[in-house]
Each structure stands twice: as C-alpha cells, then as structure tokens.
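Below is one structure; the comments refer to it alone.
The values are calculated or read from the model by the stated rules, or taken from the named source; none is laboratory data. These numbers were taken from a predicted model, which means no experiment stands behind them. When we count neighbours, we look across all protein chains shown, and the Cβ atoms used for this are built from the backbone with ideal geometry, even at glycine.
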Amino acid sequence: MKARRNGRGSNDAPHGCENDSLSGRVLAKLVPLNLRASGTEDGMTVVSARSSEWVKPVTQQDPASAIIEIDRVSQVFQTSARKDHVALSDISLTIEEGAFVSILGPSGCGKSTLLYIVGGFVSPTSGAAKMKGQAITGPGPDRGPVFQEFALFPWKTVLGNVMYGPRQQGVRVTEAEAQSRALIEMVGLKGYENFYPKELSGGMKQRVALARTLAYHPEVLLMDEPFGALDAHTRTRLQNDLLDIWERDRKTVLFVTHSVDEAVFLSDKVVMMSKSPGRIRQVIDIDLPRPRRRNELLLDPRYQKYVVDIERMFDESDEAGAPA
Amino acid sequence: MMSPAAMTRRAAPVLACIGLLVVWQVASLALKNDSFPTAIEAIKAIPSILGDKESLVNILASLRRMAMGFGAAVLVSIPLGLLMGRSTAVAAFFNPLLMVIYPVPKAALMPIIMLWLGVGDITKTLVIFLGVSLPVIYHSFEGAKAVEEKMLWSGAAMGLSPPQRLVRIVLPAALPEILTGCRTGLVLALITMITSEMIARQSGAGNILFNALDMGQYDTVFAMIIIVGAMGICLDAIFERVRARLVRWSEPQFDMPLSFS
C-alpha cells in the first residue's frame, strides 16, 4: 500500500502549496492501511472517529515521495501574428506518488500543455519536468495518456487496441490477451472485444482508451479532459467508474479538466490555473473521505463548499483579470 | 430471395452497359459512317482477337508491364508520401519537384525516355510508373498528414520509436486514403499503358489497337476499346474487393453507434 496523505485534520479552507507540502509530511504518517475499509457506508465522521485505529507510523517509505516534479516550466508559442503567446509561465508543481491531482482552469490556460510536457509530448521553452528524479525528455510507458479525442487505433478491434501496449512491451500474446480481456471486463466492455472503434459510442471509446493505457501499467495516468467530449450522463458514469478503478490500485493521476465538480469529486488536490499567461493560482487540498460516493458527496456540505469556493475564486479572477 | 431494391442495384450496371450498347448501335446505324462500326460488329470482332495467339501475347505483355509499373510505383510512392506527410523537411524538398511533374502528361516525356532507354519494356514501364506515382504519393501524403497527433502520442507512450510509428500507426491510419490513391493509380496505369504503346509501337494492346486503326479495321479498333474497357472494369472490381477487405474497419457500414447500456 502506498503512503497516501489523506489530508485528515487539514483545514477546510483552501490554502497554498507551501503549507500543503508541510502538512502533507506530517499527515502522511497517519495512513490507513486498508483504504477500502476506512471509508465505509457511514462516511466521513466515522473515518475521523476511527482514524486512531488506522494510525500507523510509516517508517519504511518516504511518506510524501514526489513522483513528478515540475520546475519553473514556461511554454511560449509563436502565433501567426509573430506575437508570442505565453501558454505557461513559470510553473512549479510537485505531484506525490499515488495522488489524484486535477489541473483546473479555463480553456486556454495551458493546462493541457502542462500535461503534454509531463507526458514528454511537448518540450517546454524553459524549465524542466522530472519523473522520479529523471528529466523527462520524451514519452515513455511510465506515463500513460488518455486523451479527450480517445485516439484509439481505428484499424484495431477493442481487444487489439488494449493488447497493443503490452505486445509492444514484449508480453507474450496469450498473456497479453488474458490481461487485456480482464481489463476490458473491468471497464465494463465485456462482449465488445471484437468491435471496431467506429462501432462504439463516445463513452465506450473512452473506456477502451482507459483500458488500453492501463494495459501497459504506467505509473502515472495523464488524463487530458478525458470526459470532455461526453454527454453529462455518460460523463457521470465514467467518473464513478474511474474512481472505482482508481481506488483499487491508486496510481498517480494527473487529470486536466475545466469542470469544478469533476475536479473536486475526483481529486486529492486541485491545482487552479489562471490564463494568459498560464499560472498556478492556487493549490487546494480536497479533504473528503474515500471511497467517495457521488450521492453522499453531493449532499456533503464540505464538498459543496469546495465547489462554491473554487467557482468564486474563478469569478473573482475573471473580474480582476480584465485586460490591462 | 433478393428484395426488389437489391435486385435493381445488382442489375443497374448491366442495364447501363446494355443501354450504352443500344445507343451506340442506334447512333452507328443512323450515322452510316465507315469508321464507326455498329456495336454488334465490334462485339463480333472480339472473339477473333482473343482467339488469336499473337494478340493474346500482346495483351499479356501489356498487362505485365502495367503490373510492374504499378507495383514499382506503389512501392516507392507510399513510403515517400508517408514521409512527406510526417516530415515538413521531406515535404519541402519533394513538393516543388512533384508540382513540376504533376501537370506534365507522362506520355509527353516518352520520346525523351525512348531516346535514353530505347523503345523496349523499360521505357514503357517507366512511363506507367510515373503515371501511377503521383496520385499515390499525393494521397499517401494527405493521408499521413491527417493522422491524429494524439494517436501518434499514444503510440509513443507505448514505446514505439519514430520509424515504428510510421509503419505501425501512420501507414494503417492512412491506408484508406492511400488505397484511394492506388485506385486512381490503377486506372492511370491502364491509360499510360495504352498511350505508351501508341507512341512506341512494338507490342501490346495499344499496338493492336493503333495498327488496326492504321489499316482501317474499325471493328477491331472498337473491339479493342471494349477489351481495354473490360480490363479496366475487372481490375477495378478486383482492386475494390481487396480494398474493402483491407479497410473494413473504416467503412461506414454500421453508421449507428451502439449505445452503451
């Protein structure tokens, strides 16, 4: 079980990242060993009441081990008008192993670009991103992307798509197929193994894309507005399913979205960005119990407060950020 | 049992051919021109051509050159077009060259090529090669250019190297477009085959056709036109079958996406 900061005892009000990493280090020692059991039906009060049971000093592992470090990254694009567009300005961010981190911001704030830099698909104009201490120079199977556009291989069936990564990694056919079939079942597409992507709906395609990425066991999932192209109902279902899947193995997830609800519902930490130039406005810990259930969460005043607070902050920045 | 609609669809091409022949027959009878035989006369001349050993050798020689020219063109043009589509440097280098060659009728180059390489198979095959190359390059280029960046990124994240991505992602993703180019190329191969044999007469289907024209055997001329046309239809039909198989995944057969339940 990975050490994970549950944010217990951190204040309700959003706070900056400096405080955060500090409290993180302290709080990481309070790690529930069995995370599934810690949040049973009766929700958050029980978690805090029971928390003493689960307090275990973790000594072997660096409690808040950083998996991704983004160090003063800037990205400047040259637009056609020979004017430089600063997509990202001096971004520094550390993402801890096993955390679900959302990057939230209006369109055009460079949040996807930041994700692409971590993916190694785009090189930053200045600054550097590191994965486990190693500078990121290109894409690699340790960082698996899931795109809004699905980007499935249309000439491959569902099974072929999911098997593609493991096969590329040299996994034997029989083994890759067995693993892939299990994954397809996990994302709820059993029976669709031999369908081509064009025969699937958007939600199903995104399920395949998720399975395809999970199939090669990346350490970090990079999700670029993965549910942005889906209708509201499908999006809700996929959010729920993603959380279910994530709560099983707790991969590190970097999740780009412009939906406040989505970010708060899914994340441990929300990185709020502002646009032109793209900057980190604030990093907010989402101190809500897991496993999260949508129907419980929507009624939870703390969840509501996060959503309202974040929305208010964006509104303020819109007014303050009027063109100078 | 076929539905009436399906039967009409099946019968349509046959009806079109019969219609054309009827119009031809009527027009020919009306015009009473020696150089315009009736459809029936032309059709009657076909068995004598196909029964003649020398004619068959000629036609087969034509087909062989066509196959070689077409095959070589496809083998060269697809990689070139894909590279051009994915690399602006390669595209910047080859684009002007191709733009110069594109509007030139390939048959117009033939006299020069004949001076260099003689009137034999090589010249004719080369002309066919040139005729086929351009549409295949163009469509491969367009197909490669249109490949979704995110698809390539997904491949890169799985560990595919740039050359692997070109072969295993760009090529299959661009295949529908490439095959559209090949289909145009196939028809052009037939056209350049006949024109090349018109200019350098020695053997081939074009040779029969133009010799007959010189000798005023108009029924043979029109019979050859029918034969060449039929070859075109057959080759295209075979190609279409292969193409449909290869890109089944992209054909909009099942337009209605299944809803997830």
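Among the listed residues A:T157, A:T174, identify the single one that is in contact with an Asp or Glu (Cβ under 7 Å, 6 or more places away or on another chain) and surrounded by fewer than 21 Cβ atoms within 10 Å (Cβ to Cβ). Within the list A:T157, A:T174, the selection yields A:T157.
Look at B:S133 and say whether it is closer than 19 Å to B:L190 by Cα, of a type in the set (S, T, Y), away from chain A (no Cβ under 14 Å) and part of a helix (DSSP H, G or I). Here the answer is yes, as B:S133 does meet what is asked. In the range A:219-245, of all residues being modelled with pLDDT of 95 or more and facing another protein chain (nearest Cβ under 10 Å), the one that is nearest to B:S250 (Cα to Cα) corresponds to A:D224. Taking the criterion of being more than 10 Å from the chain's Cα centre (by Cα), outside any loop (DSSP other than H, G, I, E, B) and within 14 Å of B:M68 (Cβ to Cβ), the residues of the range B:177-207 that qualify are B:M193, B:S196.
A:Q282 meets all of the listed conditions (1) part of a strand (DSSP E or B); (2) at pLDDT 95 or above but one, namely (2). Considering the range A:108-126, the residues that are within 23 Å of A:P218 (Cβ to Cβ) and more than 19 Å from the chain's Cα centre (by Cα) include one that is farthest from the other protein chains (Cβ to nearest Cβ), namely A:P124. Of all the numbered requirements in (1) touching a residue at least 40 places away in the same chain (Cβ under 8 Å); (2) within 13 Å of chain B (Cβ to nearest Cβ); (3) surrounded by fewer than 19 Cβ atoms within 10 Å (Cβ to Cβ), A:L200 misses one, and that requirement is (3). Condition check: of a type outside the set (A, V, I, L, M, F, W, C) and outside any helix (DSSP H, G or I). Does B:G155 satisfy that? Against the criterion (of a type outside the set (A, V, I, L, M, F, W, C) and outside any helix (DSSP H, G or I)), B:G155 does not qualify. Looking across the range A:142-177 at every residue that is among the basic types (K, R) and within 20 Å of A:E219 (Cα to Cα), the one that is nearest to the other protein chains (Cβ to nearest Cβ) is identified as A:R143. State yes or no: is B:F141 under 25 Å from A:P154 (Cβ atoms), more than 13 Å from chain A (Cβ to nearest Cβ) and among the hydrophobic types (A, V, I, L, M, F, W, C)? In short, yes. Exactly one residue out of A:K269, A:K275, A:K305 is basic (K, R) and crowded, with 20+ Cβ neighbours inside 10 Å: that is A:K269. Considering each residue of the range A:125-152, count those that are touching a helix residue (DSSP H, G or I) at 6+ places or on another chain (Cβ under 6 Å) and crowded, with 21+ Cβ neighbours inside 10 Å, and give that number. Total meeting the criteria: 10.
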